[in-house]
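Reading through the structure tokens given below for one structure.
The values are calculated or read from the model by the stated rules, or taken from the named source; none is laboratory data. Model, not experiment: these values are computed from the prediction. Positions of Cβ are generated from backbone atoms using ideal geometry, with glycine treated the same way; all protein chains shown enter the neighbour counts. Each accessible area value is taken on the protein alone, full model and side chains, heavy atoms only, with ligands, DNA and RNA left out. Shrake-Rupley method; radii C 1.70, N 1.55, O 1.52, S 1.80 Å.
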Amino acid sequence: MTALYDVAGIGNAIVDVIAQCDDAFLAKEGLTKGAMALIDPARAATLYDVMAAGIEASGGSVANTMAGIASFGGKAAYIGKVADDQLGRVFRHDMKAIGCVFTTPSLAEGPATAQSLINVTPDAQRTMSTYLGACVELSSADVDAEIIEAAQISYLEGYLFDPPEARRAFAKAAALAHGSGRKIAMTLSDSFMVDRHRGALLPFIETQCDIVFANDAEVCSLFETTDFDAAVKALAERCEIAAVTRGEKGSIVVAGGQLHEISAYPVEKVVDTTGAGDQYAAGFLYGLTQGRPLPICGQLGSLAAAEVIDHYGPRPQVNLRELAAKNGL
């Protein structure tokens, strides 16, 4: 069966609020620099009130990746839950505007559309406080079989390992994808998430995941080691392709016993690292679905990550397909 989509993403549908701050602000608000913490509606309202003026944009890790794939010219579909409210309608409009198929029904009653309050320090580190709201209401019933079976790769967001019902959605997607001869990819999302769910993550990766994305902190957390090389090796033994990012040091891609070191693209000034991993995955998955060699997939990922970290916001501000062509990719 010919694939209608290059990648179908399943993730938390979130609207991002991004503002600048200093380390003193993080300390005053009790925020752990560089981490993601879950907050309730009351805390979201309080933190929003004391944050500096910023920008609001549709986000969510896997949704950002789908935006990147669409910018490369790929065919993307998205499964995620928003409420039938103003932010939910903005999110739906934004996804359709970039050419991404998004047909998941809105939540008619219950919590509001999710939002992530992101404070960015001068060193470009982003500290996220996230009210999950409607996005955790995603269930296995929302996993559209026609979409998963028609996508070359289904890409799962590790953050969704928190709600049990979303795990059932992951299991359904994996069964549908593998039953149709398709692939499952996953991002580990956050080292604290890995700490919370290591016991369930490892068997899921070993039995259901073909491709795994992580950064250096996440992969070391997964295997409870400070030995980066050993952690990468352990991950590669559990999936077909392991792609591990490490900031300005680039990334490591391991598959079939072969290791590829991918350099980071130079950036004149790093403004905001929000979305860097998301866009790396976008470039990598786009390349993979187009049959490109793994080193080129990694280079496409590095290029997309470099584009997104030189401005505020987690999504590309230029056409990534044109950018890739200019860089000989």
Fill in: Apportionment of accessible area to carbon and sulfur, segment 107-203, percent (1.4 Å)
52 percent
Worksheet entry | Unit charges on C-beta of K, R, D, E only; dipole of segment 242-326, Debye | 180 debye
Item to complete: Mind telling me which of Leu188, Leu156, Leu259 comes out most flexible in a GNM of the chain, alpha-carbon contacts under 10 Å?
Response: Leu259
Worksheet item: Which one is right for this structure if Cα extents along the principal axes in Å is calculated from it: (1) 62, 45, 36; (2) 50, 43, 41; (3) 57, 43, 38?
Response: (2)
Worksheet entry | Label-to-label distance, nm, for residues given as Val267 and Ala175 (7 Å Cα→Cβ offset) | 4.1 nm
Worksheet item: Averaged per residue, what accessible surface does segment 5-131 expose to a 1.4 Å probe, in Å²?
Response: 39 Å²
Worksheet item: How many angstrom lie between the C-alpha centres of segment 213-247 and segment 12-37?
Response: 26 Å
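With both bridge residues required to lie in the chain, what share of the DSSP beta bridges run antiparallel, to the nearest 5%?
Values: 22 of 57 bridges.
Looking only at bridges with both residues in the chain, the antiparallel portion is about 40 percent.
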Worksheet item: What percent does the relative contact order of the chain come to when contacts are Cα pairs within less than 8 Å and at least six residues apart?
Response: 19 percent
Worksheet item: In terms of the ratio Rg/(2.2 N^0.38 Å) built on C-alpha atoms, what value belongs to segment 1-61?
Response: 1.54
